[in-house]
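I have placed the structure first, in the form of structure tokens, so that the comments after it can refer back to it.
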Amino acid sequence: MKIRESGMPEQAYWESFFDVPAILDAFGFNLSPNRQSNPCDIVEVGCGYGTFALPLAQRIHGVFHALDVDSTMVRTTARRATEAGIKNLHTSVRDILSDGFGLPPGSCAAALLFNILHAEASLALLRGARDIIQPGGLLTVIHWRSDVPTPRGPPLSIRPTPVQVLDWAEQTGGLIPPATPLDLPPWHYGLKFIRST
Ligand SMILES: C[S@@+](CC[C@H](N)C(=O)[O-])C[C@H]1O[C@@H](n2cnc3c(N)ncnc32)[C@H](O)[C@@H]1O
């Protein structure tokens, strides 16, 4: 089942909302330019157009798993990867809510939950992401801010604030919270959790 309010606008409009390299750098994904020294696998749940998946796959030597329930999104991400000559990005049409992540526990160094935690099942998403991250790995979240007017984003009634996500993560367990949220101008915040156990 598609997560509520998870439809996407036209690609160029969507991608105008983000400074993608700055966001990846802010999370510490400014890995060695020598990709061979970054042998880690990463997963994104709800990859959309591959806005973050494509550039992050180019920064690692392992596999980037890009999952989305929408086959059009998955096709677009796969086509863009082929056009860019990116070979380590694996795309799958997958309903995370009904079918889970489909990856072995502890198999990934990081998971991306980007613009998706307004889901009905936010705790299930956090639990699923935590379980496939290895100890010391990163669970990364970005979402639209609620404290400034934004050109898009889910209704404020279901848009999670940093405080809300921190509370869900505490309920999830096994996640070390960040001291402060990341400011990802102009309209997003980020949270970087570390899997503890
Ligand atoms: C708002 S978009 C965010 C896309 C991407 N993470 C980004 O920030 O650019 C949410 C994405 O989640 C996908 N999605 C919604 N429900 C899903 C589900 N049950 N399983 C997997 N993906 C889902 C949608 O198809 C959509 O592409």
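The values are calculated or read from the model by the stated rules, or taken from the named source; none is laboratory data. These numbers were taken from a predicted model, which means no experiment stands behind them. So basically every Cβ, Gly included, is an ideal-geometry build from the backbone, and we count neighbours across all protein chains shown. The area values use the complete protein model at the heavy-atom level, side chains included, leaving out ligands, DNA and RNA. Shrake-Rupley method; radii C 1.70, N 1.55, O 1.52, S 1.80 Å.
Listing for the model above:
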item: V43, sole failed condition from (1) out of contact with any Phe, Trp or Tyr (no Cβ under 9 Å at 6 or more places or on another chain); (2) of a type outside the set (S, T, N, Q); (3) within 12 Å of the ligand (Cβ to nearest atom); (4) open to solvent by less than 60 Å² (accessible area, probe 1.4 Å); result: (1)
item: Members of segment 162-197 found to be among the hydroxyl-bearing types (S, T, Y) and either surrounded by fewer than 16 Cβ atoms within 10 Å (Cβ to Cβ) or assigned to a helix (DSSP H, G or I) (or both), listed by number; result: T172, T180, S196, T197
item: Residues (open to solvent by 60 Å² or more (accessible area, probe 1.4 Å) and touching a residue at least 24 places away in the same chain (Cβ under 8 Å)) located in segment 9-29; result: D19, P21
item: Subset of segment 91-129 [away from the ligand (no atom under 14 Å from the Cβ), open to solvent by 20 Å² or more (accessible area, probe 1.4 Å) and of a type outside the set (G, A, S)]; result: P104, P105, L123, R127
item: Selection within segment 74-90 - buried (at least 22 other Cβ atoms within 10 Å of the Cβ) and within 12 Å of the ligand (Cβ to nearest atom); result: T77
item: Positions within segment 136-153 being open to solvent by 10 Å² or more (accessible area, probe 1.4 Å) and either in contact (Cβ under 8 Å) with a residue 60 or more places away in the chain or over 18 Å from the mean Cα position of the chain (by Cα) (or both), in sequence order; result: L138, S146, D147, V148, P149, T150, P151, R152
